[in-house]
Amino acid sequence: MQDKIALGSDHGGFELKEIIKKFLEGKGIPYEDYGCYSLESVDYPDIAFTVAEAVAAGKHPFGILVCGTGIGMSIAANKVKGIRAALAGDCYSARMAREHNNSNILVLGGRVVGQELALEIVNAYLNAEFTAGRHQGRINKICQREGC
Ligand code: RB5
C-alpha cells in the first residue's frame, strides 16, 4: 500500500479539494488526485467510484471526497464493498468516524463547510486511529452484510 491519500471531487467540491491539496503539501502528506481538474461540471459518482475502488483495492490507506453537500459522494462511495465513507461537518464526527467506525473515506461538503473548518476536519480525521475493541465486532457485521 502507498501512503498516498486518494483525493477526488466534482465541480462542487473542486475548490475545497485544491485547498486540501495545499494543506497536505504543507504537512508533507502525499496524495493522488483523481480529479476533477477544473470547475467544469462532472458527475460525482464517476469520481466517487474511482476513488472508492482504489481505496478498497488497498492502493491508498484513505480517501477524501468532496462534492457540493458531500451527500452524493457519500451515497456513491458507500456502494463500493469495503468502503466506509463518512460525511463529516465537524471535528468530533471526523475523529469518531476513524475511532469507532474505522472509516476509510472522509467526505466533505464544499458548499457547506468553511475552508478553515474543513481543514480542521481533515486534520482530525487523519490524526485519529481506529480503537477496535467493541467496535470491531460492529464493523465485522457490516463486512458480513457486504460479503467482504
Ligand atoms: C453538483 O451540483 C451537486 O449536486 C453535487 O456536488 C453534490 O452536492 C451532490 O450530492
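The values are calculated or read from the model by the stated rules, or taken from the named source; none is laboratory data. This structure is a prediction, so every number in the text was calculated from the model and none was measured. Ideal geometry is used to build each Cβ from the backbone, glycine not excepted, and the neighbour counts take in all protein chains shown. Surface accessibility is based on the protein's heavy atoms, side chains included, excluding ligands, DNA and RNA. Shrake-Rupley method; radii C 1.70, N 1.55, O 1.52, S 1.80 Å.
Listing for the model above:
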| read-out | value |
| --- | --- |
| Span per principal axis, largest first, for the Cα atoms of the stretch 2-116 (Å) | 33, 27, 26 |
| Net dipole in debye of the chain [+1 Lys, Arg Cβ; -1 Asp, Glu Cβ; about Cα centre; nearest 20] | 700 |
| Residues of type aspartates and glutamates that Lys21 reaches as a straight line, Cα spacing below 12 Å, ignoring anything fewer than 8 places off in the same chain | Glu32, Asp33 |
| 5 angstrom amide H check on Gly63, placed H, neighbours 5+ away | Ala6, Ile105, Leu106 |
| Accessible carbon and sulfur surface of the chain relative to its total accessible area, %, 1.4 Å | 50 |
| Cα long-axis angle, helix 44-56 against the chain (0 to 90 degrees, to the nearest 10) | 50 |
| Folded to 0 to 90 degrees: helix 134-146 orientation relative to the chain principal axis, Cα | 80 |
| Under 19 Å from the Cα of Lys79 - aspartates and glutamates, other chains or at least 8 residues apart | Asp10, Asp43, Asp46, Glu53, Glu146 |
| Reachable lysines, given that their alpha-carbon falls under 17 Å from the alpha-carbon of Lys17 and they are not under 8 places away in the same chain | Lys4, Lys27 |
| Accessible area expressed per residue, the chain, with surrounding protein chains retained (probe 1.4 Å, Å²) | 50 |
| Loop sites in the stretch 1-77: trypsin sites (Lys or Arg not before Pro), DSSP, at most 15 other Cβ within 10 Å | Lys59 |
